Amino acid sequence: MHHDEYSEKIFTRRAFFIGSLQVIGLGILGSRLAWLQIAQGKRYKTLSDKNRINIKILPPPRGQIVDRFGVPLAVNAQIYRVLIISEQSDDIMASLKALQKIIDIDDKDIKRVIKQASKTAKFIPIKIKEGLSWGEVAKVEVNLPDLPGIFIDVGDIRSYPYRDATAHVVGYVRSVSKEDLEKDNDPVLRLPGFRVGKTGIEKFYDRALRGRAGAAEVEVNVIGREVRELKRKNALAGKRVTLTIDGELQRYAMEVLSVHKSASAVVMDAHSGAIYAMASYPAFDPNMFVRGLSSEEWKEVTDNLGKPQTNKAVSGQYPPASTFKMITALAGLKAGVIDKNTFVFCSEKYEFGGKSFHCWKKYGHGNVNLVKALEQSCDIYFYKMATKVGIDAIADMARRFGLGQKLGIELSQESAGLIPDVAWKKQVLGQKWYQGDTIISSIGQGDVLATPLQLAVMTARMVNGGFAVKPWVTGYLGDKFLGHKKWESLGISKSHLKLVMQGMEAVVNGKNGTARSSRIERKGFEMAGKTGTSQVQRITMEQRRQGIKNEDLPWKQRHHALFVGYAPMKNPRYICSVVVEHGIGGSRAAAPIAKLLLEKSQIRDPARIQMQPEIAESGTSFPVLWPPKKPIYGENNQGDF
Amino acid sequence: MSYSMFMQDDMSFRQKLLKLNWWLIILICSVAAVGIASLYSAAGGDFDRWALRQLMRFGVGMVGLVVIALIDIKWWYRLTWPIYFIGMMMLVFVEIKGHVGMGAQRWINLGFMQLQPSELMKIAVIMALARHYHGASIEQARRLSFLIVPILVIFAPVALVLMQPDLGTALMIIMAGAAMVFMAGAPIWLFISAIVGATVSVPIIWQFLHEYQKKRIRTFLDPESDPLGAGYHITQSKIAIGSGGVEGKGFLQGTQSHLNFLPEKQTDFIFTLWVEEWGLFGGVFLLMLFLFIFITVLRTSLRCRHNFGRYLALGVGVNFSLYVFINIAMVMGLIPVVGAPLPLVSYGGTSMLAALIGFGLIMSCGIYRHSKVTR
């Protein structure tokens, strides 16, 4: 027990020691508190009342998109907007009502602002209205004293000077969606009114165009006004994107396509693969999308039969029809089934396996060789040859020329098209391949599908000496060249290509050429090409018998009109492919457009400057943008990230 | 085993309830009320955001407290090692899970709350040390060889906690453990040499600290060096506290805390919000509540007639007070930001639960102060 008492005594002593430490500790805390709140209280009170530190995100200016000559296709315009800081107004409803009397504001917007104000911190500005006119700005400015909390602000808005002409290639920016926020945690996305690329190049190079946000640490006073800036990290401007497109040619293409309901065209370089123009009519005004569409405008865009939102030049898939005949011819030449002297007799009908296959021409073409068969687009010649060549050889040739696959252009929506063969039919349809399938495939009908872009690439590969060019639209990102220069050879005999080109020359310039009426007469500017008319529906025996003309059918049932061509004929440079949806016939609808485009291309000659733009040619004079001696839009020269 | 088995037979249930330390319960409820009011204010006058959950946890915890308090202390004595063992298992579990999950996970998800085993482990360490010293005479307690078990008991969980890595909690376990060894009668020179040793080893330990821990200490020594980072929190917290003045800005009127200048206002910086709104009066009021709690615990400990209860009650009390000191000193800029909650006040399930379990044990020591705890 003695020990216990002794240890109890020690414990008591030490417990009291611990207890006094606790009391001293609390004493220290209490003194510190008193010191902070009494002795330093005044100082901290002023700090808290007068000044607060606020972090402000500085949005980076979005990079410009310019055409090959440096002509702006997407720029940042200034826009006036009216905002409110709820902290600075005793009654925001009253302020908004007062504003409503001065300028036109929707009740919907008022409701939105009130709702937003209840959710966000009181010192963060909320957008009331955007895109104010000069008059509205002046009216608000004059009445500012009666509008507590309200102020006018200048912001950037994306503007597309070429409007619908470049809508598909350049694309557009739009308000940040919920999905964007989930995918991307860039803080700048959360800024009011910030927009991101949604389609086209704006989407493809969104990150590079966007730049990097900066941040400023600012001291704000009690009503939220900035007193001074403490620290600053400048925003890094987005990079400029220089396209291979020629803006004026693009606009012209859109114009010539607009005589039809729905059409698309591609103009590209046969040797480099650079796209000079890519038009899909109808389009839409991307500026509308930037500011947001009204429901009527939205209805107009979505209800249009021509699908304005679709870039048909890369995503429209059509049976290439007679424009496919060059592929069949090359396959036949390669297989040795035909040569330039092989003659075939065309008697309108070709009987095979108990079925009859018709030529488009009543009473037939008589005796034709390859050049003549192309010139007059004789179907029987290709039917007969194809049965000997076989579908797999034709399909192989088609793929060499870029059909049936995506070509990797910097635009979303690209379709792969379709080149059927024995394996495909077995795998996808689970059916056996018949010779009849080969026959209709040989003239680009049946299951064969190609996009206008693919048709242009196909033609380019034929006339550039058999090199596997691929299409591209971006020349420079900032000052980094992204274009391509060297292409692999396809291993096609030069003499075969020459023969096919002779046929294409005859199509336009020959006595009986299907596109003779569209020939370019100007010397040295002559074009060559091939027409195509693809059936949307099979021509029934009934129609054939009754002699119903295609133009008597409803629009949706009419044939598509196609044309692929190149110019100048002697030294090919410009490739053009045109598809007019339900345009009835290639020679009457598509070839005239190709003529205009190829003529214009040669006159403007965008290829004379291989991505070395100097002076813009659109009437207005632009500053020399190329080559950039020093960053013009502030690339790489700001910030210390 | 029915519940009554754990109760002493010579007291009726009513007697036991009456013997509960109701004064301590009132103090605990008052501190918790400060917390709930502050959480209501921190959410900008929204009860559902934090306050409701905190209130529910407190309610559940109080039931647990009473149940623990009514169980005879001798059962807690007997259950000490199993509890310690379970605590260690949970620590190992989070350690393995943390490795699998590729991050510093310090909790087990129980569905309704996230349990941090390290918080509960502290109580287990205190219980184990109390049990170890319970049967020891003063001569034994003074022997160095008698320190082997305490060192193992303390440093086994410390090692695991350090692997998480959670330096703050590890230091807390060491400090609470050292207090236990001290109160049991270990020689004074031991502590003096430990303090000297620790001072000498600071530069060595510095090498092993994580960069964020080094940065915290550096920022503490010179807050202006990082006004946008960790120093920003301390500066903002000091501005908030100081601007509260003597009378405070009034309930729900704390401008600094509400404008999100203050991070973690619902957890570690809750004291800041309280004194910004209630001023020096509110601050002193809360400190007084803590003072009364310390005194009550000390009194319970001294009145207890068995060593286990004495050591346990005071040990739990010291642990509680360490949290109070470290948290409040931190938000007032006296020590580095270490990330310790203010027990019973900060938003958080485990710290609330750990505090209430601890007080349950203390009250059990009070009710069963005459219990014959077998050696």
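The values are calculated or read from the model by the stated rules, or taken from the named source; none is laboratory data. Quick caveat, the model's predicted, so the values are computed rather than measured. Positions of Cβ are backbone-derived with ideal geometry, glycine not excepted, and every protein chain shown enters the neighbour counts.
Return the residues of region B:312-332 that are over 9 Å from the mean Cα position of the chain (by Cα) and at the interface with chain A (Cβ under 8 Å from one of its Cβ atoms); say none if nothing qualifies.
Residues of region B:312-332 over 9 Å from the mean Cα position of the chain (by Cα): B:312-315, B:325-332.
Scanning region B:312-332 gives B:314, B:325, B:328, B:329, B:332.
Can you find even one residue in region B:243-250 that is away from chain A (no Cβ under 12 Å) and either modelled with pLDDT of 70 or more or touching a Gly at 6+ places or on another chain (Cβ under 7 Å) (or both)? Quick ask: steps written out before the conclusion?
Here is the first cut: in region B:243-250, the residues away from chain A (no Cβ under 12 Å) are B:250.
Imposing the further condition that a residue be either modelled with pLDDT of 70 or more or touching a Gly at 6+ places or on another chain (Cβ under 7 Å) (or both) reduces the set to B:250.
Yes, region B:243-250 contains a residue that is away from chain A (no Cβ under 12 Å) and either modelled with pLDDT of 70 or more or touching a Gly at 6+ places or on another chain (Cβ under 7 Å) (or both).
Looking at region A:171-179, is at least one residue of a type in the set (A, V, I, L, M, F, W, C) and more than 25 Å from residue A:82 (Cα to Cα)? Reasoning before the result, please.
Of all residues in region A:171-179, those of a type in the set (A, V, I, L, M, F, W, C) come to A:173, A:176.
Restricting the remaining residues to those that are more than 25 Å from residue A:82 (Cα to Cα) gives none.
Scanning region A:171-179 turns up no residue that is of a type in the set (A, V, I, L, M, F, W, C) and more than 25 Å from residue A:82 (Cα to Cα).
Can residue B:259 be described as farther than 14 Å from residue A:37 by Cα, surrounded by fewer than 20 Cβ atoms within 10 Å (Cβ to Cβ), modelled with pLDDT under 95 and within 9 Å of chain A (Cβ to nearest Cβ)? It would help to see each step written out before you state the result.
On the way: farther than 14 Å from residue A:37 by Cα: yes; surrounded by fewer than 20 Cβ atoms within 10 Å (Cβ to Cβ): yes; modelled with pLDDT under 95: yes; within 9 Å of chain A (Cβ to nearest Cβ): yes.
The answer is yes for residue B:259.
Name the single residue that is modelled with the highest pLDDT among those in region A:129-151 being touching a helix residue (DSSP H, G or I) at 6+ places or on another chain (Cβ under 6 Å) and under 24 Å from residue A:218 (Cα atoms).
This residue is A:150.
Consider residue A:94 carefully, then state whether it is exposed (fewer than 15 other Cβ atoms within 10 Å of the Cβ), within 30 Å of residue A:258 (Cβ to Cβ) and not assigned by TED's automatic domain parsing to the domain that holds residue A:411. Step through it out loud before you land on a result.
Numbers: exposed (fewer than 15 other Cβ atoms within 10 Å of the Cβ): yes; within 30 Å of residue A:258 (Cβ to Cβ): no; not assigned by TED's automatic domain parsing to the domain that holds residue A:411: yes.
Taking the combined requirement at face value, the residue does not satisfy it.
Assess whether residue B:266 counts as being over 18 Å from the mean Cα position of the chain (by Cα) and assigned to a loop (DSSP other than H, G, I, E, B).
On the way: over 18 Å from the mean Cα position of the chain (by Cα): no; assigned to a loop (DSSP other than H, G, I, E, B): yes.
Here the answer is no, as residue B:266 does not meet what is asked.
Please report, ordered by residue number, the strands (runs of 3 or more DSSP E) entirely within region A:218-319 with at least 2 residues that are surrounded by fewer than 24 Cβ atoms within 10 Å (Cβ to Cβ) and in contact with a strand residue (DSSP E or B) (Cβ under 6 Å, 6 or more places away or on another chain). Steps first, please.
Values: elements: A:226-233, A:241-243, A:263-269, A:275-281.
By residue number, A:226-233.
State the number of residues belonging to region A:241-267 that are under 14 Å from residue A:471 (Cβ atoms) and at pLDDT below 95.
The number of residues fulfilling the criteria is 3.
Residue-by-condition table, conditions (1) assigned to a strand (DSSP E or B); (2) in contact with a Cys (Cβ under 6 Å, 6 or more places away or on another chain); (3) more than 30 Å from residue A:511 (Cα to Cα); (4) of a type outside the set (A, V, I, L, M, F, W, C):
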{"position": "A:371", "(1), (2), (3), (4)": "no, no, no, no"}
{"position": "A:374", "(1), (2), (3), (4)": "no, no, no, no"}
{"position": "A:386", "(1), (2), (3), (4)": "no, no, no, no"}
{"position": "A:393", "(1), (2), (3), (4)": "no, no, yes, no"}
{"position": "A:415", "(1), (2), (3), (4)": "no, no, yes, yes"}
{"position": "A:420", "(1), (2), (3), (4)": "no, no, yes, yes"}
{"position": "A:447", "(1), (2), (3), (4)": "no, no, yes, yes"}
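Residues are listed down the side, and each one gets a yes or a no for (1) within 14 Å of another protein chain (Cβ to nearest Cβ); (2) among the hydrophobic types (A, V, I, L, M, F, W, C):
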{"residue": "B:158", "(1), (2)": "no, yes"}
{"residue": "B:162", "(1), (2)": "no, yes"}
{"residue": "B:166", "(1), (2)": "no, no"}
{"residue": "B:169", "(1), (2)": "no, no"}
{"residue": "B:173", "(1), (2)": "no, yes"}
{"residue": "B:178", "(1), (2)": "yes, yes"}
{"residue": "B:184", "(1), (2)": "yes, yes"}
{"residue": "B:187", "(1), (2)": "yes, no"}
{"residue": "B:194", "(1), (2)": "no, yes"}
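Based on what the data block shows, is residue B:290 modelled with pLDDT of 95 or more, facing another protein chain (nearest Cβ under 10 Å) and part of a helix (DSSP H, G or I)?
So residue B:290 fits the description; yes.
Can you work out which of the residues in region A:223-240 that are at pLDDT below 70 and within 14 Å of chain B (Cβ to nearest Cβ) is farthest from residue A:188 (Cα to Cα)? I'd like the intermediate steps shown before the answer.
Residues of region A:223-240 at pLDDT below 70: A:223-227.
With within 14 Å of chain B (Cβ to nearest Cβ) added as a condition, the list becomes A:223-224.
On the way: A:223: 24, A:224: 21 Å.
The qualifying residue farthest from residue A:188 (Cα to Cα) is A:223.
So that you can scan it fast, the table gives a plain yes or no per residue for (1) assigned to a helix (DSSP H, G or I); (2) surrounded by fewer than 18 Cβ atoms within 10 Å (Cβ to Cβ):
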residue: A:132; (1), (2): no, no
residue: A:139; (1), (2): yes, yes
residue: A:158; (1), (2): no, no
residue: A:166; (1), (2): yes, no
residue: A:174; (1), (2): no, no
residue: A:188; (1), (2): yes, no
residue: A:203; (1), (2): yes, no
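Give the residues of region B:298-311 that are farther than 28 Å from residue A:35 by Cβ, within 10 Å of chain A (Cβ to nearest Cβ) and in a helix (DSSP H, G or I), sorted by residue number.
Within region B:298-311, B:299, B:301, B:302, B:307, B:310, B:311 meet the criteria.
Restricting attention to region A:61-81, does a residue exist that is over 30 Å from residue A:161 (Cβ atoms), among the hydroxyl-bearing types (Ser, Thr, Tyr), outside any helix (DSSP H, G or I) and away from chain B (no Cβ under 14 Å)?
Filtering region A:61-81 down to residues over 30 Å from residue A:161 (Cβ atoms) leaves none.
The answer is no; no qualifying residue exists.
In region A:347-360, what residues are more than 40 Å from the chain's Cα centre (by Cα) and either among the hydroxyl-bearing types (Ser, Thr, Tyr) or surrounded by 15 or more Cβ atoms within 10 Å (Cβ to Cβ) (or both)?
Going through region A:347-360, the residues more than 40 Å from the chain's Cα centre (by Cα) turn out to be A:347-358.
Of everything in region A:347-360, those that are more than 40 Å from the chain's Cα centre (by Cα) and either among the hydroxyl-bearing types (Ser, Thr, Tyr) or surrounded by 15 or more Cβ atoms within 10 Å (Cβ to Cβ) (or both) turn out to be A:347, A:348, A:350, A:352, A:356, A:357, A:358.
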